[in-house]
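Since every read-out is calculated from the coordinates, none of them should be taken as a lab result. Computed from a prediction, not measured in an experiment: that's the story for all the values here. Neighbour counts are summed over all protein chains in view; Cβ atoms, including those assigned to glycine, are modelled from backbone coordinates with ideal geometry.
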Amino acid sequence: MKKLSLFLLFIAIILIGAYYFYLPEVRWHKAAQSAGGYPYQIGLLNTRVGQCSISCNGGCCIGQGPDGSLCSMLTSAQCTLYEQINGTMSGGMGQMALFNIANQVSMAGYKPGDSIIAGGMTMTQMDNGVLATPGGCAGCGMGKADSNLFDRIAAVTSYIIAGFKDKTK
């Protein structure tokens with residue numbers, strides 16, 4: 001009985017260690033897969049964020065920060081709900097996009113300076129798409145916002161098994 005308990009403890013430690021070791025790689029892989037399903041995808045490094053704000057006596061939307069040009073595409077009613085994220089292009093189709101603050105930016109755990117992977121219908125319609133950061137992923141089925149512990153463990157386990165299978169070839 002004592003040997004069985006020690007064996008199960010050893011297996012649990014191995015699984016927990018593997019989960020935390022492979023989690024970032026699994027998250028980025030899942031994010032890239034999820035973003036690839038959208039017609040517009042971006043990958044950005046060294047990102048900067050600019051909050052969209054209302055101007056022109058409430059008649060127009062402008063962006064704050066280094067380049068807030070996409071904010072002008074929003075209506076006054078939508079304006080304060082979005083942020084424009086700019087960065088150095090590392091892949092995809094652009095250097096900036098608009099993201100919903102509550103539904104994506106906060107759920108993905110975004111912080112200025114993070115690298116991101118995103119996918120959406122256009123650069124101004126990313127609010128129903130994917131946003132992945134080192135802090136999580138909104139719309140991926142893997143991040144803080146949209147998965148539970150059992151889904152994460154299953155994904156990591158599949159990845160570990162696939163990784164071992166690939167190394168035997």
Assertion target for M89, M126, M1, M96, ordered by fewest C-beta neighbours within 10 angstrom first, is M1, M89, M96, M126
Between G87 and residues 5 or more places away or on another chain, the pairs with built amide H atoms under 5 Å apart involve R48
Highest mean packing first, using Cβ neighbours within 10 angstrom, the peptides 111-119, 7-15 sort as 111-119, 7-15
With label points set 7 Å from each Cα along the Cα-to-Cβ direction at M1 and T88, the distance between them in nm comes to 6.1 nm
Calc'd 3J(HN,Hα), region 5-10, phi into Karplus 6.51 cos²θ - 1.76 cosθ + 1.60 (θ = phi - 60°), Hz, glycine/Pro = x, comes to 4, 5, 5, 5, 5, 4
A chain fully extended from S69 to S55 at 0.36 nm per residue, minus the present Cα-Cα distance, gains in nm 3.7 nm
Scalar couplings 3J(HN,Hα) for region 101-106 by Karplus 6.51 cos²θ - 1.76 cosθ + 1.60 (θ = phi - 60°), nearest whole Hz, x for Gly and Pro, are 5, 6, 7, 10, 4, 6
Residue-ordered couplings for region 42-50, obtained by feeding phi - 60° into the Karplus form 6.51 cos²θ - 1.76 cosθ + 1.60 and rounding to whole Hz (Gly and Pro as x), are 9, x, 10, 10, 6, 6, 10, 10, x
A correct fewest-to-most ranking of T133, T124, T75 by other Cβ atoms within 10 Å would be T75, T124, T133
Non-local residues with an amide H under 5 Å from the amide H of G94, with H modelled 1.01 Å from N and Pro and chain starts lacking one, are G43
